[in-house]
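**Q** Right, I'll just put the structure down here and ask away after.
Quick note: the coordinates plus some simple rules give every number you see, no bench work behind them. Computed from a predicted structure; not experimentally measured. Because the Cβ atoms are built from the backbone with ideal geometry, glycine has one as well, and the counts that use them run over all protein chains shown.
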Amino acid sequence: MKKTNQWKIPLFKINVTKSDIHSVTNVIKRGTDWACGQEIEQLEKKLSNYIGTKYCLVFNSGTSAGHAVLHALDIKNKHVIVPSLSFIATANWPLMVDAKPQFCDIENETLGMDPSKIQEKISKNTKVIMPIHYAGLPCKINEIKKIALENKIPLIEDAAESIGASIKNKKVGTFGEASIFSFAANKVLTSGEGGAVVTNSKSLFEKLKLIRSHGRSIKENYFASIQNPNYVSLGYNWRMSSITAALALSQLQRLDTLIKMRQKNAKYLIKKLQKFKEITFHLSPKDYVHVYQLFTIMLPNTKTRNELSNFLTKKGVMSKIFFVAIHKTNFYKKLKSNYGDLSTTENICDRMLSLPMYPDLKETEMDFISKSIEEFFSSRSK
């Protein structure tokens, strides 16, 4: 197994500027307010303005953000409809609040939850529909929202991978009752770790504030106040640090530029790889904006996918399967639930492979990826 710095071309690399370093250093040097500093509220305001919602709360991870939302909805013993093509946290969140994930199959275009398959998954126990926007491309969220409204079921967007993505200039994160974002190391906007919830619901916002910080009702900075807080509910320590927020603020200032760099690189890589009939791309439908958190391709079958991945590894080019279907993981197999027909999910997951994608990916590096893939297919035809 190669270490990160041993890859000729890694799967992702973080774009770092002097502004990032300066922002973090300033917080460290002041020697106070490393938690609950002014950067937290500044980041929340700027994120809500960028996405287009009334409220935003930042968390120490996207996982804690998602956990907090479902905790706030009080859905014990109820069902949450989720896709199996996602990071495992999407399905774990319901389990964390004593609810049950109900897997729904995906469609072939956006690789998001298939609207035509949702209705059959809805029962009297269904309390949340939670699609994801996979790899930076919006799912068919308008169609899914219509189903949620007709059935009077809350819609929560898992937008962990897709900040900045949109449909007809309406950004992901603004379609549901709440939306979850992640700022993990490989995300479009990263602060190493971190996450956020955005919403237009004041009541949900107030619940989330309590859940995020020990159920503590206090308006002042806890670490700078002599007031004894009132603890009014169960809560956790899911706060983001001021240092992390400062880094996220710096990244947010150039987010649109970072997205354009990703889109430019994706366009170049598609142009280089489109000559290979064995490769299918994850492309945007009309009026959809893809931010390419991942650059995912589909191969004809599992054998070809695995052989290509191994070949690229020998060349020093990192590739990875994002994701193994959640219901196929060891943990979810042990649950022995009847997950129903997930044939499209299984077909896609068996053939998908993510190639390197990041803002500073050079054309020479993409040329090397293309040349390596050409060598692979040429060697197979002999």
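**Q** Distance between the C-alpha centers of segment 320-382 and segment 252-313? Whole Å please.
**A** Going from one Cα centre to the other spans 11 Å.
**Q** Would you compute the Debye intensity of segment 1-79 from its alpha-carbon atoms alone, equal scatterers and no solvent, and pass along log10 I(q)/I(0) at q = 0.11, 0.21, 0.26 Å⁻¹ to two decimals?
**A** Evaluating at q = 0.11, 0.21, 0.26 Å⁻¹ gives log10 I(q)/I(0) of -0.55, -1.09, -1.22.
**Q** What does the convex hull of the Cα atoms come to per residue for segment 201-288, in Å³?
**A** Taking only Cα atoms, segment 201-288 has a hull volume of 190 Å³ per residue.
**Q** Report Rg(Cα)/(2.2 N^0.38 Å) for segment 1-144, keeping two decimals. Let's see the in-between values first.
**A** Working: Rg = 19.3 Å, N = 144, 2.2 N^0.38 = 14.5 Å.
So the Cα radius of gyration is 1.33 times the expected 2.2 N^0.38 Å.
**Q** If you take the charge dipole of segment 18-253 about its Cα centre, with +1 on Lys and Arg Cβ and -1 on Asp and Glu Cβ, which of Ala184, Leu210, Asn60 is farthest toward its positive end?
**A** Looking along the dipole axis, the top candidate is Leu210.
**Q** Contact order normalised by length for the chain, with contacts defined as Cα pairs under 8 Å and 6 or more residues apart; what percent is it? Spell out each step's value before the answer.
**A** Details: 779 pairs, mean separation 85.8, N = 382.
It rounds to 22 percent for the chain.
**Q** Turning to a different aspect of this structure: Evaluate the Debye formula for segment 149-252 with equal point scatterers sitting on the alpha carbons, no solvent, and hand back log10 of I(q)/I(0) at q = 0.16, 0.22 Å⁻¹, in q order, two decimals.
**A** For the requested q values the scattering log ratios are -0.86, -1.24.
**Q** Next question. Please rank Phe376, Phe183, fewest neighbouring Cβ atoms within 10 Å first, as an exposure proxy. Kindly include the intermediate steps, with their values, before the conclusion.
**A** Values: Phe376 20, Phe183 31.
In increasing order of surrounding Cβ atoms, one gets Phe376, Phe183.
**Q** Measure up Lys46/Lys362; Lys13/Lys320; Lys267/Lys362; Lys100/Lys328; Lys272/Lys314; Lys100/Lys320 against 24 Å on the Cα-Cα distance and list the ones that go over. Provide the component values of the computation, followed by the final result.
**A** On the way: Lys46/Lys362 30 Å; Lys13/Lys320 14 Å; Lys267/Lys362 13 Å; Lys100/Lys328 16 Å; Lys272/Lys314 21 Å; Lys100/Lys320 28 Å.
Among Lys46/Lys362; Lys13/Lys320; Lys267/Lys362; Lys100/Lys328; Lys272/Lys314; Lys100/Lys320, the Cα-Cα distance tops 24 Å for Lys46/Lys362; Lys100/Lys320.
**Q** Still on this structure, please answer the following. Going by alpha carbons, how many degrees (0 to 90, nearest 10) lie between the helix axis of 302-314 and the longest principal axis of the chain?
**A** 90 degrees
**Q** Using a 7 Å offset from the Cα along the Cα-to-Cβ direction at both Glu375 and Phe331, what is the distance between the two label points in nm, to one decimal?
**A** Those two pseudo-labels are separated by 3.8 nm.
**Q** Once every DSSP H run of n ≥ 4 in the chain is given -39500 (n - 2.57) and the sum is divided by its residues, what mean residue ellipticity at 222 nm do you get, rounded to the nearest 500 deg cm²/dmol?
**A** Numbers: 13 runs with 150 residues, N = 382.
Taking each H run of at least 4 residues, the total per residue is -12000 deg cm²/dmol.
**Q** Roughly how big is segment 18-253's charge dipole about its Cα centre, with Cβ charges of +1 (Lys, Arg) and -1 (Asp, Glu), in debye to the nearest 20?
**A** Details: 28 positive and 21 negative charges, 106 e Å.
Charge dipole of segment 18-253: 500 debye, to the nearest 20.
**Q** Okay, next question. Provide Ser319, Ser179 in ascending order of the number of other Cβ atoms located within 10 Å of each residue's Cβ, fewest first. Intermediate results must be reported in sequence, preceding the final value.
**A** Details: Ser319 21, Ser179 30.
Least to most surrounded, the residues fall as Ser319, Ser179.
**Q** Rounding to the nearest 10 and keeping the result within 0 to 90°, find how far the Cα-based axis of helix 363-381 lies from the longest principal axis of the chain.
**A** The two axes meet at around 50 degrees.
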